[in-house]
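Below is one structure; the comments refer to it alone.
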Amino acid sequence: MNNDIIEKAEKCIVNTYKRPSIVIEKGRGCKVWDTDGKSYIDFVAGVAVCSLGHSHPRVVKALCSQADILFHVSNLYYTVPQVELALWLVENSFADKVFFCNSGAEANEAAIKLARKYFSTNNEKERYKIISMERSFHGRTMATLSATGQDKVKKGYDPILEGFDFVPFNDIDALANKINSSTCAVLLEPVQGEGGLWRPAPGYLKEVRKLCDETGALLIFDEIQTGIGRTGKLFAYQHFGVEPDIMTLAKALGNGLPIGAMLAKEHVASAFVHGSHASTFGGTPVVTAAALEVLKVLSEEKVIEHCGRIGAYFMERLMWLKSRHSSIRDVRGIGLMLGIELDTEGEPVVNKCLEKGFLVNCIQGNVIRFIPPLIISKQEIDDLVLCLDEIL
Ligand SMILES: *Cc1c(COP(=O)(O)O)cnc(C)c1O
């Protein structure tokens, strides 16, 4: 069965992913099953997406009920779930306005376009440069790969978009030297995800905010991976006492349904007027009804508080692991966005974990990343840590 599907996949699916030889058929909570009936504890969660675990009953119900009422009418009309979701986001963040789209890259596209439109509307057309960070990841579309600080993402796609500069993350002097009156925005992930789980240095984000205020540049936080509870707070910026002007969300917002959102302060958002930007599917009723239910479950069931506590426990266990294995160079991250940096290739470790019934993933060649559902239990963490102890 597995082999048959994999053979067909090789024939008909574009070869952009290297995948293991299993076919996942079913998911429940923190577990998935392959077509041979083997189960795995999922420490990938669809890349930090399925924060409430797989097929959460309340999300399934919200999705099915809305599908029975209204699927899609486009953004030419108002719909109830979209407005309710936007209101929830506005009431629980720094932002005044929300634009919905379908993915992280699209949310960042909207943010980049809005930042440029803002200055062009204010008669500062020369002010279009965006500074982002080395090691950052912002997506795979032309504008978002141009904003990404990793060569491997850009290779082969020249000419990339003009107007993007890069500075090292956590180097405030480098930013101070680069930022000026031609800077339209500084774009960064408050905690870098794909780039290797790097936290901001103490005070760094406050200094970035200050430089933006002094030069008049906008501050954009890409919280596509850090947002919606992953770090132990609803949004990562809440750890650091710094608010952006624009923020992007996607991944966990729909627990697996494709949704992206760009949030902004009123004076910035007002640069988008009728016809400035659009999306056919963005914020469609089925997806927004499900996303609203995700947010309700997160707050009613105190999932984010659990993430903070269990993340701290997980970090402790990883430090214990590091004390036993010199092959672990570093343990990094925040909340349930954790990783261990190895002094060797990570892929063999990922494959051994898979054999033993755990899904984990490797970034940057040697960082094993753990981004499980936020409902992960102590027992499941203990099981993984013991498995890693054996493998290493
Ligand atoms: C995943 C990710 C993106 C891209 O999101 P897509 O939905 O894959 O387009 C952008 N920024 C960050 C920080 C991400 O983690």
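The values are calculated or read from the model by the stated rules, or taken from the named source; none is laboratory data. Everything quoted here is computed from the prediction, not taken from an experiment. Backbone-built Cβ (ideal geometry, glycine too); neighbour counts: all protein chains shown.
Restricted to region 302-312, and to residues there that are in a helix (DSSP H, G or I) and not aliphatic (A, V, I, L, M), the residue that is surrounded by the fewest Cβ atoms within 10 Å (Cβ to Cβ) is R309. Restricting attention to region 192-228, report how many residues are closer than 22 Å to A105 by Cα and assigned to a loop (DSSP other than H, G, I, E, B). Going through region 192-228 one residue at a time, the tally reaches 13.
Select, from G339, G335, the only residue that is in contact with a Leu (Cβ under 6 Å, 6 or more places away or on another chain), of a type outside the set (A, V, I, L, M) and surrounded by 20 or more Cβ atoms within 10 Å (Cβ to Cβ). Walk me through it before giving the result.
Values: G335 fails: in contact with a Leu (Cβ under 6 Å, 6 or more places away or on another chain).
Going through G339, G335 in turn, the sole match is G339.
Residue count for region 174-204 satisfying the condition of being surrounded by 24 or more Cβ atoms within 10 Å (Cβ to Cβ), more than 21 Å from E162 (Cα to Cα) and aliphatic (A, V, I, L, M): 2.
Looking across region 162-185, the residues that are within 16 Å of the ligand (Cβ to nearest atom) and under 19 Å from E109 (Cβ atoms) come down to F164, F166, A185.
Is it the case that region 122-143 has a residue that's closer than 22 Å to R209 by Cβ, within 18 Å of the chain's Cα centre (by Cα), more than 16 Å from the ligand (Cβ to nearest atom) and of a type in the set (A, V, I, L, M)?
In the first step, residues of region 122-143 are kept if they are closer than 22 Å to R209 by Cβ; the result is 122, 124, 127-138.
Checking which are within 18 Å of the chain's Cα centre (by Cα) leaves us with 132-138.
This time we only want the ones that are more than 16 Å from the ligand (Cβ to nearest atom), so: none.
For region 122-143, residues closer than 22 Å to R209 by Cβ, within 18 Å of the chain's Cα centre (by Cα), more than 16 Å from the ligand (Cβ to nearest atom) and of a type in the set (A, V, I, L, M): absent.
Going through (1) in a helix (DSSP H, G or I); (2) within 22 Å of T284 (Cβ to Cβ); (3) in contact (Cβ under 8 Å) with a residue 24 or more places away in the chain one by one, I5 falls short only on (2).
Can you name every residue in region 247-283 that is aliphatic (A, V, I, L, M), in contact with a strand residue (DSSP E or B) (Cβ under 8 Å, 6 or more places away or on another chain) and farther than 20 Å from L295 by Cβ? Reasoning before the result, please.
Kept after step one, since they are aliphatic (A, V, I, L, M), are these residues of region 247-283: 247, 249-250, 252-253, 257, 259, 261-264, 268-269, 271, 273, 278.
When the remaining residues are screened for being in contact with a strand residue (DSSP E or B) (Cβ under 8 Å, 6 or more places away or on another chain), the result is 247, 249-250, 253, 259, 261-264, 268-269.
Within region 247-283, V268, A269 meet the criteria.
In region 237-262, the residues that are closer than 12 Å to G282 by Cβ and among the acidic types (D, E) form no Cβ pair under 8 Å with any partner that is buried (at least 24 other Cβ atoms within 10 Å of the Cβ) and at pLDDT 95 or above, whether six or more places apart or across chains.
Among the listed residues A62, A115, identify the single one that is of a type in the set (G, A, S), in contact (Cβ under 8 Å) with a residue 40 or more places away in the chain and away from the ligand (no atom under 16 Å from the Cβ). It would help to see each step written out before you state the result.
Details: A115 fails: away from the ligand (no atom under 16 Å from the Cβ).
Just a single option satisfies the conditions, and that option is A62.
Considering only region 249-267, how many residues are among the aliphatic types (A, V, I, L, M), surrounded by fewer than 24 Cβ atoms within 10 Å (Cβ to Cβ) and either more than 13 Å from the ligand (Cβ to nearest atom) or part of a loop (DSSP other than H, G, I, E, B) (or both)? Step through it out loud before you land on a result.
Here is the first cut: in region 249-267, the ones among the aliphatic types (A, V, I, L, M) are 249-250, 252-253, 257, 259, 261-264.
So of that shortlist, the ones also surrounded by fewer than 24 Cβ atoms within 10 Å (Cβ to Cβ) come out as 257.
With either more than 13 Å from the ligand (Cβ to nearest atom) or part of a loop (DSSP other than H, G, I, E, B) (or both) added as a condition, the list becomes none.
Number of matching residues: 0.
Just a yes or no: is a residue in region 280-299 β-branched (V, I, T) and over 30 Å from F71 (Cα atoms)? No: zero hits.
For region 351-381, which residues satisfy the criterion of being assigned to a helix (DSSP H, G or I) and buried (at least 20 other Cβ atoms within 10 Å of the Cβ)? Walk me through how you get there before you give the answer.
Let us first name the residues in region 351-381 that are assigned to a helix (DSSP H, G or I), namely 351-355, 378-381.
Listed by number, the residues that qualify are C353, E380, I381.
Is one or more of the residues making up region 147-158 aromatic (F, W, Y), within 16 Å of the ligand (Cβ to nearest atom) and surrounded by fewer than 17 Cβ atoms within 10 Å (Cβ to Cβ)? Yes, there is a match, as at least one residue in region 147-158 is aromatic (F, W, Y), within 16 Å of the ligand (Cβ to nearest atom) and surrounded by fewer than 17 Cβ atoms within 10 Å (Cβ to Cβ).
Take V80 and tell me if it is modelled with pLDDT of 95 or more, surrounded by 15 or more Cβ atoms within 10 Å (Cβ to Cβ), more than 16 Å from the ligand (Cβ to nearest atom) and of a type in the set (V, I, T). So that I can check it myself, show each step before the final result.
On the way: modelled with pLDDT of 95 or more: yes; surrounded by 15 or more Cβ atoms within 10 Å (Cβ to Cβ): no; more than 16 Å from the ligand (Cβ to nearest atom): yes; of a type in the set (V, I, T): yes.
Against the criterion (modelled with pLDDT of 95 or more, surrounded by 15 or more Cβ atoms within 10 Å (Cβ to Cβ), more than 16 Å from the ligand (Cβ to nearest atom) and of a type in the set (V, I, T)), V80 does not qualify.
Within region 272-301, if we keep just the residues that are part of a loop (DSSP other than H, G, I, E, B) and touching a Phe, Trp or Tyr at 6+ places or on another chain (Cβ under 8 Å), the residue that is farthest from H56 (Cα to Cα) turns out to be F272. Answer with yes or no whether F71 is at pLDDT 95 or above, in contact with a helix residue (DSSP H, G or I) (Cβ under 9 Å, 6 or more places away or on another chain) and surrounded by 18 or more Cβ atoms within 10 Å (Cβ to Cβ). No; evaluated as a whole, the condition is false for this residue.
Considering region 219-248, and only residues there that are more than 12 Å from the ligand (Cβ to nearest atom) and aromatic (F, W, Y), the residue that is surrounded by the most Cβ atoms within 10 Å (Cβ to Cβ) turns out to be F235.
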